[in-house]
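Worksheet: the structure to be examined is printed underneath.
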Amino acid sequence: MSAHTNGIGAVGVTDVLVVGAGPTGLALACCLARRGVRPLVVERAAGLFPGSRGKGIQPRTLEVFDDLGVLEDVLRRGGVAPVGMAWKDGVRLGEHTMFDEAEPTEQAPYTGPWILPQWRTQEILLARLRELGGEVRFGTELTALTQDADGVEALLSSDGGPAAAVRARYAVGADGGRSTVRRLLGITMSGERVDPTPLVVADVVVDNLDRDNWHLFPPAEDGSRGFAALCPLPHTQEFQFVGQYREVRPDLSADDVRALVAELTHVPAEDVREVRWASDFTVNAALADRFREGRVFLAGDAAHIHSPAGGQGLNTSVQDAYNLGWKLAAVLCDGAPEALLDTYEEERLPQATAVLGLSTRIHRGEARRGAATRQLGIHHRDSSLSRETRSGLPEDALTAGDRAPDGRRDGLRLFDLFRGPHFTLLAVDTDLPEQLPPLPQLRTARMAAHEGYGRGLFLIRPDGYTAWAGSSAAEAADLADWSALVAGPVAARIPAVG
């Protein structure tokens with residue numbers, strides 16, 4: 001099966017079937033398409049998700065979007081999180097700091113959260129996928145899924161028509177919290193009810209309310225009224241409304257939303273000029289028991305469900321895709337051993353577990369929206385893909401498994417160097433080895449000493465994590481040995497920089 005097939009066509013064959021065209025599925029498809037793998041992306045709905053739900057883009061995800069080539073659009077069409085403003089009985093109580101602030105630095109240039117409605121994030125990712133030659137088949141539902149040692153067979157029904165069989169090397173369930181893929185695999189989720197009080201999330205157009213603040217309405221002290229918030233969505237007329245709801249209704253109407261806004265805030269129902277999207281749900285935290293079954297993977301909400309309080313769900317989901325995408329492409333295009341795919345669950349399940357706990361603690365008021373929510377500290381030090389050959393390092397030293405920080409020296413910006421599907425071997429205040437490791441699309445560079453790196457040799461993975469670290473070119477043999485984990489028999493090289 002070629003790594004350059006073009007969807008179903010006449011033969012019903014593709015390399016990767018991606019079920020779901022939310023942020024996870026679209027980010028994964030972009031990761032694959034730019035590496036020469038043309039995925040088949042199917043989405044049961046007739047179009048992209050219409051709501052603002054996951055609106056907070058964290059700094060680590062901005063770095064991912066930088067690499068995927070969509071950061072300019074994300075920054076242009078989003079905005080900084082506005083300062084919170086607490087209200088009581090129609091009177092402003094004063095500003096409320098919702099997030100621990102962080103200034104941009106050379107090593108971490110993006111701060112957050114950056115506010116961008118989820119529907120707009122998906123529009124940007126879909127446009128990028130189309131630039132890369134990919135597409136989404138909307139109105140197409142997965143109805144059955146089986147697999148054998150060589151691939152996956154799926155039955156897909158388009159617009160309610162008869163099902164057609166598709167054969168894929170691998171499949172990924174990126175189809176949300178009620179994942180059909182997860183159900184067909186028989187994978188269960190374990191978790192807890194975070195809050196028994198249901199929430200409504202809606203996109204509303206409100207008259208007579210300023211857009212300079214994120215408006216917060218604390219619950220009544222006697223418990224008669226729940227919490228609510230109205231957050232202006234950048235470059236739109238809309239606010240995202242979040243409110244505690246006494247009872248989930250099967251059909252949430254626009255008038256229901258207007259009535260709830262009036263009940264929980266000082267905004268009269270008639271000032272809610274439009275309700276463009278609304279959804280209600282009960283807050284749960286749940287984690288799939290495993291993220292892989294044979295040749296089928298789970299990613300995003302199909303694998304983990306979060307409270308929205310920490311702004312972690314969409315971000316963790318995009319990073320699932322970012323982790324899995326380069327590994328699938330390495331196996332399909334570069335001849336990497338299939339064991340590489342085992343490291344997806346090895347790395348992402350512990351991260352999802354940690355982020356799930358963080359979101360729950362923030363929801364319950366047990367933790368702040370601080371450094372951990374920015375996700376820059378996520379690391380893979382315990383991964384079988386991370387090898388640290390140095391000893392006696394300071395506690396704050398960059399270590400194999402850590403996120404590779406940005407930096408500038410002698411006209412070279414590291415994020416510009418890392419951007420793309422390649423590995424990068426970076427020599428900091430030392431020499432590159434004469435014999436380079438046989439890695440696919442290896443780019444090399446040298447730079448002067450840098451406080452983010454110290455000195456030494458650092459191999460940066462395609463997803464921006466440090467895979468291997470050594471003190472000098474003398475350890476080249478160990479680096480070559482490590483490369484067997486991800487290298488196929490043929491390795492293309494990108495010209496060296498610097």
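The values are calculated or read from the model by the stated rules, or taken from the named source; none is laboratory data. Computed from a prediction, not measured in an experiment: that's the story for all the values here. Ideal geometry is used to build each Cβ from the backbone, glycine not excepted, and the neighbour counts take in all protein chains shown. All accessible areas refer to the heavy atoms of the entire protein, side chains included, with ligands and DNA or RNA removed. Shrake-Rupley method; radii C 1.70, N 1.55, O 1.52, S 1.80 Å.
To keep it simple, each residue is scored yes or no on (1) touching a strand residue (DSSP E or B) at 6+ places or on another chain (Cβ under 6 Å); (2) assigned to a loop (DSSP other than H, G, I, E, B); (3) open to solvent by less than 20 Å² (accessible area, probe 1.4 Å); (4) at pLDDT 95 or above.
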| site | (1), (2), (3), (4) |
| --- | --- |
| 395 | no, yes, no, no |
| 401 | no, yes, yes, yes |
| 406 | no, yes, yes, yes |
| 435 | no, yes, no, no |
| 439 | yes, yes, yes, no |
| 467 | yes, no, yes, yes |
| 478 | no, no, no, no |
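Summed over the stretch 181-229, the residues that are out of contact with any Lys or Arg (no Cβ under 8 Å at 6 or more places or on another chain) and closer than 30 Å to residue 156 by Cα give a count of 8. When the stretch 361-376 is filtered for residues that are closer than 22 Å to residue 64 by Cα, of a type outside the set (A, V, I, L, M) and open to solvent by 60 Å² or more (accessible area, probe 1.4 Å), only 369 remains.
Do you know which of the residues in the stretch 243-262 that are under 27 Å from residue 97 (Cβ atoms) and in contact with a Pro (Cβ under 8 Å, 6 or more places away or on another chain) is most open to solvent (accessible area, probe 1.4 Å)?
Keep residues of the stretch 243-262 that are under 27 Å from residue 97 (Cβ atoms), which gives 243-245, 260-261.
Then drop every residue that is not in contact with a Pro (Cβ under 8 Å, 6 or more places away or on another chain), which leaves 244-245.
On the way: 244: 46, 245: 12 Å².
Per the stated criteria, the residue is 244.
Suppose the filter is touching a strand residue (DSSP E or B) at 6+ places or on another chain (Cβ under 8 Å) and open to solvent by 50 Å² or more (accessible area, probe 1.4 Å); does residue 106 pass it? Outline the logic, then answer.
Values: touching a strand residue (DSSP E or B) at 6+ places or on another chain (Cβ under 8 Å): yes; open to solvent by 50 Å² or more (accessible area, probe 1.4 Å): yes.
When the stated conditions are applied, residue 106 passes them.
Checking the structure you have, find out if any residue of the stretch 35-58 is assigned to a strand (DSSP E or B) and in contact with a His (Cβ under 8 Å, 6 or more places away or on another chain).
Filtering the stretch 35-58 for residues assigned to a strand (DSSP E or B) gives 40-43, 56-57.
Subsequent filtering for residues that are in contact with a His (Cβ under 8 Å, 6 or more places away or on another chain) retains none.
No, the conditions are met nowhere in the stretch 35-58.
If the condition is being part of a helix (DSSP H, G or I) and free of Cβ contacts under 8 Å to residues at least 40 places away in the same chain, then the stretch 66-99 contributes 71, 72, 75, 76.
If the requirement is being open to solvent by 20 Å² or more (accessible area, probe 1.4 Å) and more than 21 Å from residue 212 (Cα to Cα), which of these qualifies: 87, 119, 114?
One residue alone meets the criteria, 119.
Return a yes/no flag: does the stretch 144-155 have any residue that is closer than 30 Å to residue 264 by Cβ and either without any contact (Cβ under 8 Å) to a residue 60 or more places away in the chain or open to solvent by 30 Å² or more (accessible area, probe 1.4 Å) (or both). No, every residue in the stretch 144-155 fails to be closer than 30 Å to residue 264 by Cβ and either without any contact (Cβ under 8 Å) to a residue 60 or more places away in the chain or open to solvent by 30 Å² or more (accessible area, probe 1.4 Å) (or both). Among the residues of the stretch 441-462, those identified as within 20 Å of residue 392 (Cβ to Cβ) and assigned to a loop (DSSP other than H, G, I, E, B) are 449, 451, 452, 453, 455.
Within the stretch 295-351, the only residue that satisfies the criterion of being open to solvent by 10 Å² or more (accessible area, probe 1.4 Å), more than 17 Å from the chain's Cα centre (by Cα) and either under 16 Å from residue 19 (Cα atoms) or aromatic (Phe, Trp, Tyr) (or both) is 295. Total residues in the stretch 408-433 satisfying the condition of being part of a loop (DSSP other than H, G, I, E, B) and of a type outside the set (D, E, K, R): the figure is 7.
When residues of the stretch 263-272 are filtered for being open to solvent by less than 40 Å² (accessible area, probe 1.4 Å) and either of a type outside the set (Asp, Glu) or at pLDDT below 95 (or both), how many remain? Give the steps one after another, and end with the answer.
Within the stretch 263-272, the subset open to solvent by less than 40 Å² (accessible area, probe 1.4 Å) is 264-265, 267, 269, 271-272.
Now drop any that are not either of a type outside the set (Asp, Glu) or at pLDDT below 95 (or both), which leaves 264-265, 267, 269, 272.
Number of matching residues: 5.
Taking the stretch 86-115 as the range and being touching a Lys or Arg at 6+ places or on another chain (Cβ under 6 Å) and modelled with pLDDT of 95 or more as the test, only 115 passes. Scanning the stretch 35-80 for residues that are open to solvent by 10 Å² or more (accessible area, probe 1.4 Å) and among the aromatic types (Phe, Trp, Tyr) yields one hit, 49.
Of the numbered criteria (1) under 30 Å from residue 53 (Cα atoms); (2) of a type in the set (Gly, Ala, Ser); (3) surrounded by 15 or more Cβ atoms within 10 Å (Cβ to Cβ), the one residue 186 fails is (3).
Considering only residues in the stretch 278-316 that are out of contact with any His (no Cβ under 8 Å at 6 or more places or on another chain) and hydroxyl-bearing (Ser, Thr, Tyr), the one that is modelled with the lowest pLDDT turns out to be 282.
Do the conditions hold for residue 61, that is, is it hydroxyl-bearing (Ser, Thr, Tyr), outside any helix (DSSP H, G or I) and touching a residue at least 60 places away in the same chain (Cβ under 8 Å)? No: the conditions fail for residue 61. Within the stretch 472-483, residues that are touching a residue at least 40 places away in the same chain (Cβ under 8 Å) and of a type in the set (S, T, N, Q) sit with their Cβ atoms under 6 Å from residues that are open to solvent by 40 Å² or more (accessible area, probe 1.4 Å) and outside any helix (DSSP H, G or I), at 6+ positions apart or across chains, in these pairs: 483/438. Considering the stretch 273-286, and only residues there that are surrounded by fewer than 18 Cβ atoms within 10 Å (Cβ to Cβ) and not charged (D, E, K, R), the residue that is farthest from residue 193 (Cα to Cα) turns out to be 279.
Scanning the stretch 397-422 for residues that are of a type outside the set (A, V, I, L, M) and free of Cβ contacts under 8 Å to residues at least 60 places away in the same chain yields 409, 411, 413, 416.
The single condition among (1) without any contact (Cβ under 8 Å) to a residue 24 or more places away in the chain; (2) at positive phi that residue 183 does not satisfy is (2).
Specify the residue that is surrounded by the fewest Cβ atoms within 10 Å (Cβ to Cβ); the eligible residues are those in the stretch 217-235 that are in contact (Cβ under 8 Å) with a residue 40 or more places away in the chain, within 27 Å of the chain's Cα centre (by Cα) and not in a loop (DSSP other than H, G, I, E, B). Walk me through how you get there before you give the answer.
Keep residues of the stretch 217-235 that are in contact (Cβ under 8 Å) with a residue 40 or more places away in the chain, which gives 217-218, 231-235.
Those left that are additionally within 27 Å of the chain's Cα centre (by Cα): 231-235.
After this cut, where a residue has to be not in a loop (DSSP other than H, G, I, E, B) as well, the list is 231-232.
Numbers: 231: 23, 232: 21.
Filtering the stretch 217-235 for residues that are in contact (Cβ under 8 Å) with a residue 40 or more places away in the chain, within 27 Å of the chain's Cα centre (by Cα) and not in a loop (DSSP other than H, G, I, E, B), the one surrounded by the fewest Cβ atoms within 10 Å (Cβ to Cβ) comes out as 232.
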